[in-house]
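No value in this document is a laboratory result; all are computed from the given coordinates. This structure is a prediction, so every number in the text was calculated from the model and none was measured. Glycine gets a Cβ as well: all are built from the backbone with ideal geometry, and neighbour counts include every protein chain shown.
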Amino acid sequence: MEITTLLYLTAGTVGLELLVFGVLLARKGLFRWAGAGFWAWAAFGLYYVVNPFFVALTGNNLDRYVIRLELSGGIPRGLWILLVIVLGIGVFFWAYLRQSAAQSSFKTMPLSGEATPLHLLGVLILIFFLAFGFYSLVQFRTFSAEQEVLITGGRFVGNVTGYQNNGYVFLFFPIAFFLLSSRGVLRLLGWGLAIAFLFLSLPHGWNRSTLVSMLLLLTLTTVLNRKQRWPKIIWIATAFALAAVLQMRGHEAWTYQEVPALVTESLEKSVQNASEVLAAQDTVMLSTFYLESYVRDSITGYQYGLPLLNYILTGWIPYRFLPQKYFIIDWLQMRQPEIPLLIEQWLFGAKSTLFGDLYGNGWLLGIILGAWGLAYLHRKIDAGIQSPNLIIRAASAAVLAQMWLVWGSSAAWGLVRVGFILVPAGALWLTNRWAERYQKQQLPYPDIYLKSE
């Protein structure tokens, strides 16, 4: 069997499976723009159907599949990973579809509430995260201070912390909070902040995915405010056009003076070379899955969730305060055999999708347990999207706008990304709870009420 045949077989098999589950999602009313199941379905389609199909069709980036597959044992490895993917998708949607709305609701959790009052302290919390987020965006994305950022092995070891470099992700929750408010002036503020975010993010060559996520957040909040299942076609077309333009752009930095001409040029190229965009290097995760799974099976062994545990325990502490914060990961790497240099070079900076990460943590058991757990979390996101509580609804929308990226990465990366969204949400909820206690005791406390309905 040739590699192109393998890729066609993979795209066809997974595509047929997604077609079946797409119909099942639609019958339950879960195939909708603001649905977590839909975005998982779209991510599977992008990484396991669209990319391999157009790589086989056009030959663009086929060398990445050829080399990684040869290093990992050839066609048998590709067929094995196809079986693993089909199993993972099946478990995920089986677990996702079998949960009822009542089982996945937030009614039994302390975050529920009919309205979300925003007190003065809450306003200060939002101002703090907005200020820090825009500082990070301007300092390290708009006017990129790359020479000040020292990253070794994915770790910020210089004077600039990961919080400073990635703090712009804090902005997603406050923007979602304002966009979903029932008060027009706050929604207008949310739109202004979102547009400023998009404008300031545009020059940076490594900020492409974040631009798309912010545009998706705008479409999600618009759909939720209007109680629609799908956004207008202009929104969908704009999102795809932006993604295509940024794909053709690559990681090249732009100046604001160049933007109009470069956007037009990139858009023309993306239209003329649509198949090249769909076979893009940024979505060749399947080829990495082949090689990375071989490494876990035959060389290093599995990780058993230890990196994720390390991130949960100490990953949130700045490196300057705890240089040994990745002690579990370091211990694990010391106990594992070294990866051959050629293989390590082909894995450097590459991602194998969330399924690839789950496989690396526990073979098929990792896929089954991970897919089931992710299905549970996705149903919670669905419940949060429909919650009457503004904080929950905004946090869920902000997280949902990132899920297409999380599915293309790893559990640890997803935890960090989602954490940057949940921290301001949690801080706002805690301040509200504290302020409400003052109210119940009839103590003077200045407040501003922002009703969610």
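Rounded to the nearest 20 debye, what is the charge dipole size of the stretch 310-441 about its Cα centre when +1 sits on each Lys and Arg Cβ and -1 on each Asp and Glu Cβ?
580
Give me, ordered by chain and number, the residues 5 or more places off Y319 or on other chains with an amide H under 5 Å from its own placed amide H.
For Y319, the qualifying residues are G162.
Taking the highest mean first, how do the peptides 122-135, 281-294, 30-43 order by number of other beta carbon atoms within 10 angstrom per residue?
281-294, 30-43, 122-135
Roughly how many debye, to the nearest 20, is the charge dipole of the stretch 15-98 about its Cα centre, given +1 on each Lys and Arg Cβ, -1 on each Asp and Glu Cβ, and no other charges?
It works out to roughly 340 debye.
Gap in Å between the Cα centre of the stretch 159-235 and the Cα centre of the stretch 312-346?
Centre-to-centre distance over Cα atoms comes out at 33 Å.
Residue by residue, what Karplus-based ³J(HN,Hα) values in Hz, rounded to whole numbers, does the stretch 358-370 have, using 6.51, -1.76 and 1.60 with θ = phi - 60° and x for Gly and Pro?
Each residue of the stretch 358-370 in turn: 4, 4, x, 8, x, 6, 5, 4, x, 5, 5, 5, x Hz.
Per-residue counts of other Cβ atoms within 10 Å, averaged by peptide: what ranking do you get for 61-73, 348-360, highest first?
Result, highest mean first: 348-360, 61-73.
Which of W80, F38, L6 sits farthest toward the positive end of the charge dipole of the stretch 1-88, with +1 on the Cβ of Lys and Arg and -1 on the Cβ of Asp and Glu?
F38
Test of understanding: ordering F321, F21, F92, F327 by Cβ neighbours within 10 Å, fewest first, what list do you get?
F321, F327, F21, F92
What residues qualify as long-range amide H neighbours of H119, i.e. H under 5 Å apart, gap of 5 or more or another chain, H built at 1.01 Å from N?
For H119, whose amide H was placed from the backbone, the distant partners under 5 Å are I448.
Kindly flag which residue pairs out of K232/K380; K325/K351; K28/K351 have an alpha-carbon separation exceeding 29 Å in this structure.
K28/K351
Residue by residue through the stretch 7-24, which ³J(HN,Hα) values in whole Hz follow from phi under the Karplus form 6.51 cos²θ - 1.76 cosθ + 1.60 (θ = phi - 60°), with glycine and proline marked x?
With coefficients 6.51, -1.76 and 1.60, one gets 5, 5, 4, 4, 4, x, 5, 5, x, 5, 4, 5, 4, 5, 6, x, 5, 5 Hz.
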